[in-house]
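Asks: Here's a structure for you.
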Amino acid sequence: MQNGQQDSWWISFLGRTQVWARLRLLEAGTAEVFDSAGNTFPYDSEDSARSALLDADFREREGLDESDAAELGFLLDELTPPQGDDDARLLAQMIRQPPKGG
């Protein structure tokens with residue numbers, strides 16, 4: 001994350017497959033969403049970016065607790081956002097398949 005930016009992670013599910021998106025708030029008060037296909041979409045405000053994510057059935061990871069995770073069939077520790085120094089490293093982690101047999 002660079003100066004003047006604040007990131008939050010959002011998650012959606014396709015069955016047991018985790019699909020991640022990053023909401024980045026920019027210093028100018030605008031926002032952008034980096035999605036699981038590697039696209040970055042600009043928004044004029046945090047509210048419009050959040051609305052777009054909610055409309056696409058994403059949930060903010062920070063707002064999930066143990067019981068939310070259990071309802072989704074996961075342990076909270078299994079819902080860890082992607083990590084990396086750049087978008088290319090993040091992209092490889094934006095879609096997570098469940099372990100085979102799990």
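What follows is calculated from the coordinates using simple rules that are stated; it is not laboratory data. The structure displayed is predicted, hence computed values, not measured ones. Neighbour counts run over all protein chains shown; Cβ positions are idealised from the backbone, glycine included.
Asks: Under a point-charge model restricted to the Cβ atoms of Lys and Arg (+1) and Asp and Glu (-1), what is the dipole moment magnitude of the chain relative to its Cα centre, in debye to the nearest 20?
Replies: 480
Asks: With charges only on Cβ, +1 for K and R and -1 for D and E, what is the dipole size of segment 1-49 about its Cα centre, in debye, rounded to 20?
Replies: Here the size comes out at about 300 debye.
Asks: Next question. Rounded, prolate or oblate: pick one for segment 1-44, where a ≥ b ≥ c are the square roots of the eigenvalues of its C-alpha gyration tensor, a/c under 1.5 means rounded, and failing that, prolate if a/b is larger than b/c, else oblate.
Replies: prolate
Asks: Can you tell me the orientation of helix 46-55 relative to the chain, as the angle in degrees between its alpha-carbon axis and the longest Cα principal axis, to the nearest 10?
Replies: 30
Asks: Sticking with this structure for a sec: Against the 2.2 N^0.38 Å scaling, with N counting residues, where does segment 6-89 land? I'd like the Cα-based Rg ratio to two decimal places.
Replies: In units of the 2.2 N^0.38 Å rule of thumb, it is 1.09.
Asks: Could you tell me the calculated FRET efficiency between S51 and K100, based on Cβ-Cβ distance and R0 = 30 angstrom, to the nearest 0.05?
Replies: Rounded to the nearest 0.05, the efficiency is 0.25.
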